[in-house]
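For reference, the structure is listed below as structure tokens.
The values are calculated or read from the model by the stated rules, or taken from the named source; none is laboratory data. As the structure is a prediction and not an experimental result, all values here were calculated from the model. As a convention, Cβ positions derive from the backbone with ideal geometry for all residues, glycine included, and neighbour counts pool all protein chains shown. Ligands, DNA and RNA are stripped out before the accessible areas are found, and what is left, the full protein with its side chains, is counted by its heavy atoms. Shrake-Rupley method; radii C 1.70, N 1.55, O 1.52, S 1.80 Å.
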Amino acid sequence: MPTSSIHIHESIKPHKILRSVLTIGDDDSKEFIPIQPDLFGNVDETTVDRIRRKRNAIEFYKHGVDWTNRMIAGDSLVIMNSLLEKEGMAGQVQMIYFDPPYGIKYGSNFQPFINDTSFKSTDKDEDLSQEPEMIKAFRDTWELGIHSYLTYIRNRLLLARELLTDTGSIFIQISDENLHFIRNICDEIFGKENFISQITIKKGSVIFAKKLLNSATYYLIWYAKDKEQIKYHNLFVNKDLQDFANTVGSHLWAENMKTKEKIKPTPEERKNIKEFLLKHPDFELYRLSSLNAQGLEKNKGYEFNGKIYYPPKGTQWKTAYPEGLDKLKQSNRLQEEGKYLSGKIYYKDYPITILNNLWDKIGAVSDKLYVVQTSSELPKRCLLMTSEPGDLILDITCGSGTTAYVAEQYGRRWITCDTSRIAIELAKKRLMTATFDYYKLKYPEQGVSNGFIYKTVPHITLGAITNSEISLEETLYDQPEIDKSKIRITGPFTVEALPAPVVKPLDDIDTFDENLGAKEDDWINQLLATGVLGKNGDRLEFSRIEKLSGTTFLQAEAETKEENPRRAVICFGSETKPLDSRIVSMALDEAENIRPKPALIIFAAFQFDPEAAKDINETNWPGVDLLQVQMNTDLMTEDLKKKRSSDQSFWFVGQPDVELIKDGRSNELYTVEVKGFDYYDVKKGDVVSGTISNIAMWMLDTDYDGMCIEPNQVFFPMAGKKDGWNKLAKTLKTEINMDAIKQYSGNKSLKFKAKPNTQIAVKIIDDRGIESLKIIKVGENNGKY
């Protein structure tokens, strides 16, 4: 199993991004923001006080200096192994949520574009042609059928067990198709003795089958690392009034709490108890409960309302006689029922019930971001049952980032990963623009890891009343108390991947082809089967691709499948290192000596160093086109996968068109304008200019350190009125400059300060999730900047 270092590509700090659009600037901010006078505010409040008040109104939970939440692009198997072997994280994860493909014929678990959540459930190749890197999430990507699928599951569960702490739990979301297989694998890995529950979830909607029974449920399988040590909190749901009435039946009564008048609802009234209560607004429901137990010791008569009552024949009073009955009388808890005496238990004495393993009313996801987005209620319940604030949560199938979102909401640390670039971009956007309630900390000075202040509900029993005990309370772990004076945003998180974002100084060029032999064969076969995907679904296809001998940096040569075939040579990058400018230079040197001269030089990599991308895009070689091709991360996976012509494992990367514009009023004031992508047109065989219409996100780092993007401004040009920063802006409307944040939906940045020789980085992500990085040094290009 490969073990690779995980590298930070982006450091996302939402509070830093929001500085640029706050109504009052920040002393540490580099952004140019005019301070508007507060004409109607508190005249005694100083500017400093106002800044502090507004800044304190927007919070995020901090987890200590040694932790930042993490979103990792790549194969979960390699990532988990790296967490174990490279980072020593064995035994540190409290809860794992795993939502694997439901089966080898699940034909809808993919999403081709960031803004496309259309759902297809057919089993046709054309419906499954958009994103194979969803890790075999749909039909026939499993070369050995169920064997490959189960191997995929088993390998990841083995590593998941090693990552779990001794008190930890894992939840696996699965349909009935492979439920029995998954249970068997989990029994083998975690042990039958550590099985906790099989939770049945009722679907929000049911797709009707043509034959036999419709499937209305799916499942969560829950195992513990060690059942004897498991961390667990009961969760509760409100006790349904109608269920209460139906269960109690003829023992149901209602009492006016002001006049003490009692009414016994009729059978018809019990059928719609809510309507009954609307007609009797001052009445509380209660049930009558037997006060009798087996035995003959305490069977004397007891006087109540001028009448003597005895327990039924062969029984005794279940409470102390007469003291317990006296206390019930004093508390208005006794009532005659026929010829016997009963106790009164009000609905409000215990208005909740413990959550069991049948979960309904989960509902479908509204405002979907992702085609197979999980309802947040599922990971929320799992997380709250089995973890505390500050605990570490791992989701190895990120999707739209639901588990990470819920973990952030409830103060947990989190790691999430996915091979899909679409999933990573959607999750990043979702978390970056999220707002949450601020939950009150139990010990504010000690931080979130010491827990929240939670709401409680009474659990009053007749036994507690008769024994003069303090009534019990149940803690509602899903209802922390809210501080309404504060609004919370997502804390800092990193976006990481296996290849480093740029070349490190100590990288040795001699290790370029290390361990790539077998991989190159697979990549060549995949490239021959799929070609390279361009804009509008056009493909550059090949009639043949063969390994190239006598060269080091060019691994293959090919012939295009065109009316006039062209010769191409191919340079593959490493799985763990970015393709750098040295490799580009060496490959070009080798290409100069190849006869006949190639018409195309294809550089295919998982990650391009910015200087390498610049060299590829700007090299002018008459008669030869240099093409930059993105390799999707599914090509890193060890699991067997069929090679289909409909796969999309190779994409042409657009060349960003970016301009740095100096403001005439200041030598250090600038804006950046993104004008679009230049794309390689497969049909024309040439690079053509594009527009901003396909840009899903772009980020601006006004002081790039050459290694990791830390954006000051982030833009979502494709966002709708309820998307991107717009929802956050509505929530934070008193703190946000609405005119400024509107620019976060465009292609031109806000003004910012930058000194000469500072590096400006602009990262652009198109609607396919493909990234391009443009780096500009202030003062270059004959003073243009």
Taking Rh as the Kirkwood radius, which is the inverse of the mean 1/r over Cα pairs, what is the Rg/Rh value for segment 232-305? 1.10
Partner lysines for residue 683 [C-alpha distance under 22 Å; skip if fewer than 8 residues away on the same chain]: 535, 561, 597
Sites residue 661 and residue 561, calculated FRET efficiency, Cβ-Cβ separation with R0 51 Å, nearest 0.05: 0.70
Read phi for every residue in segment 401-415 and hand back ³J(HN,Hα) as whole Hz from Karplus 6.51 cos²θ - 1.76 cosθ + 1.60, θ = phi - 60°, with x for Gly and Pro. x, 4, 5, 4, 4, 5, 4, 5, 4, 9, x, 8, 7, 8, 10
Non-local amide H neighbours of residue 452 (under 5 Å, H modeled in plane, Pro and chain starts lacking H): which ones? 442
Among the listed pairs 428/774; 13/748; 733/763, which have their C-alpha atoms separated by more than 23 angstrom in this model? 733/763
Please compute the Kirkwood hydrodynamic radius of segment 577-723 from all pairs of different C-alpha atoms, in Å with one decimal. 18.2
Considering the dipole of segment 188-248 built from charges on the beta carbon (Lys and Arg +1, Asp and Glu -1) around the Cα centre, which of 196, 241, 214 is farthest to its positive end? 214
Amide H to amide H under 5 Å from residue 494: which residues, 5+ apart in sequence or cross-chain, H placed 1.01 Å off N in plane? 12, 69, 70, 71
Using the Karplus curve 6.51 cos²θ - 1.76 cosθ + 1.60 with θ = phi - 60°, work out ³J(HN,Hα) for each residue of segment 460-475 in order, rounded to whole Hz, and write x for Gly and Pro. 8, 10, 5, x, 5, 5, 5, 9, 6, 8, 5, 4, 6, 10, 9, 8
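What pairs in 262/329; 271/318; 547/614 have C-alpha atoms more than 20 Å from each other? Working shown, then result.
Details: 262/329 16 Å; 271/318 32 Å; 547/614 27 Å.
Among 262/329; 271/318; 547/614, the Cα-Cα distance tops 20 Å for 271/318; 547/614.
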With a 1.4 Å probe and all protein chains left in place, how much accessible area per residue does segment 621-731 have, in Å²? 40
Given backbone amide H placed at 1.01 Å from N, residues whose amide H is under 5 Å from that of residue 573, ignoring those fewer than 5 places away on the same chain, are 604, 605, 606
Rounded to one decimal in nm, the spacing of the 7 Å Cα→Cβ label points at residue 321 and residue 482 is 5.2
How far apart, in nm, are the 7 Å Cα→Cβ label points at residue 202 and residue 689? 5.9
Filtering GluC sites (Glu not before Pro) in segment 272-335 by DSSP loop and by at most 16 other Cβ atoms within 10 Å leaves 297
